[in-house]
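Participant: I'd like to ask you about the structure that follows.
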Amino acid sequence: MLFIGFLAWAYQVVQPPPPPNIGGSSDGPLIMAPCYKFSGILGTTLAVLVVGFLAWAYQVSQPPPPKICGSPNGPPITAPRIKLRDGRHLAYKEHGVPKDDSKYKIIFVHGFTSCRHDAVVADTLSPDIVKELGIYIVSFDRPGYGESDPDPNRTLKSIALDIEEFADQLGLGSKFYVVGYSMGGQITWNCLKYIPHRLAGIALLAPVVNYWWPGFPANITAEAYSQMKLEDQWALRVAHYTPWLTYWWNTQRWFPICSAISRSLHNFLKQDKELLTKLLDNKDNYVAQVRQQGEYESVHRDLNIAYGSWEYTPLDLQNPFPNNEGSVHLWQGDDDLFVNVAQQRFIAQNLPWIHYHELTGSGHLFPHADGMSETIIKSLLGVK
C-alpha cells in the first residue's frame with residue numbers, strides 16, 4: 001500500500017496546474033491553451049516515466065525466493081539436521097571424539113560466505129590433541145547457508161537462541177564452549193549477551209566490527225572505515241542505511257560490489273596470501289553449497305544484520321565468569337584488512353575481563369596457520 005501511495009503521489013506532483021481564466025477571458029484560451037496542451041503532454045510523459053522507473057526499481061530490488069533444501073526445486077539434503085521449535089532446520093557436522101566420550105564440547109560458528117565445512121579449528125587441530133584432551137566439536141550451517149533453512153525473521157537475539165536450542169537438541173549439557181570466526185565471531189558476541197548462563201568459555205577469532213556501534217571514538221571508527229576498499233565502504237553504507245537495497249547493490253553490474261561476496265583477493269596481505277592456496281584447495285569440494293539457497297538469505301542478510309542498528313554493543317557486556325569459572329578470548333591479527341585491529345584494541349581496553357591476543361604480522365586467515373588452532377583451543381580450555 002505504501003508503494004502504491006508513493007506512485008500516486010509521484011504522478012500527482014508532476015502534473016501541471018490548470019491554466020487560469022478558462023472560459024473566455026482575453027488572456028486565457030487564445031494564448032495559454034497551446035502551452036497548456038504541451039505542458040499536459042509533458043507532464044503525462046514524465047509521470048509515466050517516473051512510474052515506470054519506480055516499478056522497475058522496485059522489481060530489481062526484490063530478491064528471488066530462496067531455494068529451500070529438500071523442496072521440489074531446491075538442493076538435496078545430505079547432512080544431518082535438527083529441527084528447531086519454529087520448524088526450521090539446522091544442518092551440522094561433527095568432528096573429534098564421539099560426543100558421549102568427550103570431556104569438552106565446542107560449537108563452532110562459521111564466518112561470512114562459509115558453511116559447516118569451514119570449521120578451521122576442527123580441521124587443523126592435531127588428532128593427537130583431540131584424542132588426548134577428549135574434544136568434540138560441532139559446526140553448523142547458519143540460517144540460509146548450506147543446508148540450514150533461511151530465517152527471514154533473524155535478529156541478533158534469534159541466532160543466539162538458535163545456538164542454545166541446537167546445543168540442547170544435541171545433548172551438549174548445561175554449559176558448552178563457543179568459538180566464532182570472522183562474521184561468526186561477531187555473532188558470538190550475541191551468545192555473551194543473550195545466553196551467558198549456558199557458556200563454559202568463548203573464543204572470538206577476528207570478529208567483524210560494526211562501524212555504527214555507539215560508544216566507539218569517532219576518530220578510531222573513521223580511520224578504520226577509511227582504510228577499507230571503496231567498494232566495501234559503499235556496500236556497508238547500503239547495508240546500514242538502505243538495507244532494502246542490499247540485494248540490488250550486490251547483484252548489479254554498474255559498480256563494484258562487496259569484495260567478500262565477489263571473492264576478491266585485494267584484501268589479503270602477505271600471511272593471508274600464503275595461507276589462501278591451502279584454504280581454497282579445500283573449499284573447492286563444497287563451495288557451491290555455501291550460497292545454494294540464494295545469496296539474499298545468506299550473505300545479504302548477514303550484511304544487513306551485522307551492519308544494522310544494534311540494541312547493544314560489546315561495550316555493554318558484563319563478565320559472564322565473575323568467579324573465573326570460564327574465560328573469554330579475543331584473537332586478532334594486526335595485519336588484517338577485513339577487520340581493523342584498532343577497534344579490537346578499544347574493546348579489550350574497555351572490557352578488562354577479556355583475554356586479548358594480538359598477533360603481529362598476521363592477517364584475517366591466521367587461524368589456518370600451522371599450530372594456531374592448538375594454541376587457541378588450549379587457551380580456551382585452560383590446559384597446557
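The values are calculated or read from the model by the stated rules, or taken from the named source; none is laboratory data. Owing to the predicted nature of the structure, the values given are computational and were not obtained by experimental measurement. A quick note on method: Cβ atoms are made from the backbone with ideal geometry, for glycine too, and the neighbour counts reach across all protein chains shown. Surface accessibility is based on the protein's heavy atoms, side chains included, excluding ligands, DNA and RNA. Shrake-Rupley method; radii C 1.70, N 1.55, O 1.52, S 1.80 Å.
Participant: For the range 147-166, give me each residue that is assigned to a helix (DSSP H, G or I), acidic (Asp, Glu) and in contact (Cβ under 8 Å) with a residue 40 or more places away in the chain.
Facilitator: If the condition is that a residue be assigned to a helix (DSSP H, G or I), acidic (Asp, Glu) and in contact (Cβ under 8 Å) with a residue 40 or more places away in the chain, then Asp162, Glu165 are the ones that fit.
Participant: Out of Gly294, Gly201, which single residue is crowded, with 20+ Cβ neighbours inside 10 Å, at pLDDT 95 or above and either within 17 Å of the chain's Cα centre (by Cα) or in a strand (DSSP E or B) (or both)?
Facilitator: Gly201
Participant: Restricting attention to the range 257-270, does a residue exist that is part of a helix (DSSP H, G or I) and either in contact with a Gly (Cβ under 6 Å, 6 or more places away or on another chain) or of a type in the set (Asp, Glu) (or both)?
Facilitator: no
Participant: Which ones in the range 220-248 are outside any loop (DSSP other than H, G, I, E, B) and hydroxyl-bearing (Ser, Thr, Tyr)?
Facilitator: Answer for the range 220-248, where residues must be outside any loop (DSSP other than H, G, I, E, B) and hydroxyl-bearing (Ser, Thr, Tyr): Thr221, Tyr225, Ser226, Tyr241, Thr246, Tyr247.
Participant: Counting just the residues of the range 332-354 that are open to solvent by 10 Å² or more (accessible area, probe 1.4 Å) and hydrophobic (A, V, I, L, M, F, W, C), which one comes out nearest to the chain's Cα centre (by Cα)?
Facilitator: Step one: filter the range 332-354 for residues open to solvent by 10 Å² or more (accessible area, probe 1.4 Å), giving 334-338, 340-342, 345-346, 348-350, 352-354.
Applying the additional criterion that residues be hydrophobic (A, V, I, L, M, F, W, C) yields 337-338, 341-342, 346, 348, 353-354.
Numbers: Leu337: 17, Phe338: 13, Val341: 19, Ala342: 21, Phe346: 22, Ala348: 22, Trp353: 26, Ile354: 23 Å.
Residue satisfying both the conditions and the ranking: Phe338.
Participant: So, one more: Could you say which residue among Asn282, Asn267 is in contact with a Phe, Trp or Tyr (Cβ under 8 Å, 6 or more places away or on another chain) and at pLDDT below 85?
Facilitator: Asn267
Participant: So, one more: So which of Ile220, Ile159, Ile135 is on the phi < 0 side of the Ramachandran plot and modelled with pLDDT under 95?
Facilitator: The unique qualifying residue is Ile220.
Participant: Being in contact (Cβ under 8 Å) with a residue 24 or more places away in the chain, of a type in the set (Phe, Trp, Tyr) and buried (at least 18 other Cβ atoms within 10 Å of the Cβ): is that true of Phe321 here?
Facilitator: It is false that Phe321 is in contact (Cβ under 8 Å) with a residue 24 or more places away in the chain, of a type in the set (Phe, Trp, Tyr) and buried (at least 18 other Cβ atoms within 10 Å of the Cβ).
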